[in-house]
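Trainee: Let me give you the structure first, and then I'll get to my questions.
Just so it is clear, none of the values below were taken in a lab; they were calculated from the coordinates. Predicted model, so just to flag it, every value in this text is computed and none were measured. Note that each Cβ is placed from the backbone with ideal geometry, even for glycine, and that neighbours are counted across all protein chains shown.
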Amino acid sequence: MHHDLAAPLAQDAVARLRVRDTVSLTGRIFGIRDATQIRIFDEGVPPPVDLTGAVCLHTAPGVRRRPDGSYEKLSIGTTTSTRMDRFVPGLLDRYGVRAVVGKGGLLAPGVAAMREHGGVYLAITGGAAALETLQIEEIEQVWWEDLMPECLWQFRVRAFGPLIVAVDAHGGNLYADVTVRARERLSGMGF
Amino acid sequence: MRRGVDLHPIIEQTARDLYIRALKTIPDDVRRALARGLDAEVRAGEETARQVMFTIVENIQVAETEDTLVCQDTGLPVYKLRIGSRIAQSLDLSQVVASVRRGAERATAEYPLRSNTVHPLTRRNTGTNSGEGMPVVKLEFVPGGETIEINMAPKGSGSENMSFLRMLNPSEGLAGIKRFVLECVLESGARPCPPVIVGVGLGGTSDVAMTLAKEAGSFRRIGSVNADPAVAELERWLLQRINELGIGPQGLGGVTTALAVHIEWAHTHISHNPVAVNMQCWRGERATAVIDAAGSVRYAS
């Protein structure tokens with residue numbers, strides 16, 4: 001089932017999503033990466049913007065700085081989420097984030113946090129940055145430019161997707177289903 | 001050094017252009033393999049996988065029409081030069097690596113490309129996609145050859161992080177090799193951006209095995225097979241079994257987990273059985289150009 005949703009996300013909209021559903025987002029989303037979250041959680045610096053209901057994208061965009069200090073998008077794509085799984089519970093619990101967009105899936109703590117706090121993990125097609133860059137209309141704001149390119153970014157998006165619901169708020173985890181099946185098949189190959 | 005056209009600035013310019021070209025244009029053999037993958041998912045009735053494969057194919061077209069990068073990860077620049085022994089006489093070989101390095105730096109500054117090169121301890125970014133040991137430049141010499149072939153692969157981090165080496169016991173034999181490669185693919189799961197090209201290095205010393213795996217995954221055309229029939233048979237066997245695992249595009253399930261398995265090998269010690277695995281993501285990014293003695297440059301698709 002496909003859902004066209006406005007971002008930031010409403011709680012009931014997230015609750016309706018199930019694994020394998022597809023989602024397209026229109027509105028405002030945030031870009032975060034390793035260094036951004038090390039600052040928030042390891043260095044204890046609260047994000048300078050309200051993240052309630054937010055959609056966070058795991059990215060470090062390629063940009064060009066304009067003379068007025070704003071940023072032109074060059075190539076915005078998505079990085080591997082498992083590397084940043086340890087920050088997911090905090091994003092949901094402390095700052096009210098409702099969706100993480102990434103590739104590669106989450107580890108057990110991230111999956112448990114989605115269930116506990118009513119969040120979803122939306123899988124984007126990794127490597128498909130050309131399309132992603134088109135769907136991000138504008139870089140609206142940037143904080144912590146000293147972390148370039150791993151700043152906190154605010155993007156305006158239109159029909160961003162289709163994203164695939166890979167971890168839902170009800171304990172569904174598509175990656176785990178696929179891995180369990182793959183392991184069974186490997187065992188069946190007689191090694 | 002023989003007098004004639006100064007080839008060093010041409011090597012620099014070509015190294016620059018190849019870096020950008022590899023990030024924008026997916027090789028024909030990879031495109032065909034991706035199209036086959038999309039067909040396979042449609043036939044298998046795998047809706048999620050079909051969606052992912054469709055997005056991949058669409059993205060390649062968007063990159064072309066928008067004249068932009070396929071993926072935001074500009075990788076670590078890896079170059080392999082095959083220098084003909086005849087043309088080598090008109091080169092200062094000590095300067096060739098420096099020319100390639102300047103080419104990568106110019107691509108980074110002039111496009112501009114995201115710089116990924118950081119110090120392993122301080123994590124400070126050089127801002128140039130160059131630094132200590134970077135870019136990687138491998139030189140090979142071709143007896144009697146009259147051209148310089150430059151191969152370039154911008155190696156993305158998602159796939160490179162999925163690198164494995166195991167010094168198996170000789171008694172574990174072929175079954176051990178098969179099991180290890182399959183376990184590596186399973187362990188990698190969604191992270192290297194499947195469908196992947198699986199590069200495998202067999203034999204040699206540990207570093208040679210890893211180098212062979214990288215060469216196999218990053219520089220061989222899809223559809224090529226190893227010249228050794230037993231190795232070629234192992235490539236076919238592994239590709240079929242890997243796709244039977246059902247990990248699928250982006251690890252979300254499906255019948256297309258790998259586009260190809262490429263194996264390169266070297267002789268090894270009586271008490272060694274090294275197996276290295278190096279993944280390449282679906283974009284299979286690489287670009288090749290050939291420079292002749294007159295300094296003209298021809299790009300291969």
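Trainee: Could you check the spin-label model distance between A:Glu184 and B:Glu146? Points 7 Å from the Cα along Cα→Cβ, value in nm.
Mentor: 6.2 nm
Trainee: Okay, next question. Round to a whole angstrom and tell me the spacing of the C-alpha centers of the stretch B:1-68 and the stretch B:258-301.
Mentor: Centre-to-centre distance over Cα atoms comes out at 15 Å.
Trainee: Also, quick follow-up: Are there cysteines in chain B with no other Cys C-beta under 4.7 Å, and if so, which?
Mentor: So, B:Cys71, B:Cys184.
Trainee: Still on this model: Given the options B:Gly37, B:Gly217, B:Gly131, state which has the largest fluctuation in a GNM of chain B using a 10 Å cut-off (strictly under) for Cα springs.
Mentor: Of B:Gly37, B:Gly217, B:Gly131, the Gaussian network model singles out B:Gly131 as fluctuating most.
Trainee: Let's see if you can work this out: charge +1 on each Lys and Arg Cβ, -1 on each Asp and Glu Cβ, no other charges. What is the dipole magnitude of the protein assembly as shown about its Cα centre, in debye to the nearest 20? Don't skip to the answer; put the middle values down first.
Mentor: Details: 54 positive and 56 negative charges, 93 e Å.
Around 440 debye, computed over the protein assembly as shown.
Trainee: Label the protein assembly as shown by shape, choosing from rounded, prolate and oblate, from the square roots a ≥ b ≥ c of the eigenvalues of the Cα gyration tensor; if a/c is under 1.5 it is rounded, and otherwise prolate applies when a/b is larger than b/c, oblate when it is not.
Mentor: Oblate shape, in that a/c is at least 1.5 and b/c is the bigger or equal ratio.
Trainee: Lysine pairs in the protein assembly as shown with alpha-carbon atoms under 13 Å apart, 8 or more places apart or on different chains: how many are there?
Mentor: 5
Trainee: Taking the alpha-carbon centroid of each part, what is the distance from the stretch A:135-188 to the stretch A:104-131 in angstrom?
Mentor: About 4 Å separates the Cα centre of the stretch A:135-188 from the one of the stretch A:104-131.
Trainee: Positive end of the dipole of the stretch B:158-280, charges at C-beta (+1 Lys, Arg; -1 Asp, Glu), about the Cα centre: which of B:His267, B:Pro195, B:Gly173 has its Cα farthest in that direction?
Mentor: Going by the charge dipole, the pick is B:Pro195.
Trainee: Need one word for the stretch B:60-186: rounded, prolate or oblate. Basis is the Cα gyration tensor (sqrt eigenvalues a ≥ b ≥ c); a/c below 1.5 gives rounded, then a/b vs b/c decides.
Mentor: oblate
Trainee: Same structure again: If I model a spin label as a point 7 Å beyond the Cα along the Cα-Cβ vector, how far apart are those points for A:Gln11 and A:His170 in nm?
Mentor: 1.8 nm
Trainee: By its C-alpha gyration tensor, with a ≥ b ≥ c as the square roots of the eigenvalues, how is the stretch B:158-280 shaped: rounded for a/c under 1.5, else prolate for a/b larger than b/c, else oblate?
Mentor: Prolate, because a/c is 1.5 or more and a/b exceeds b/c.
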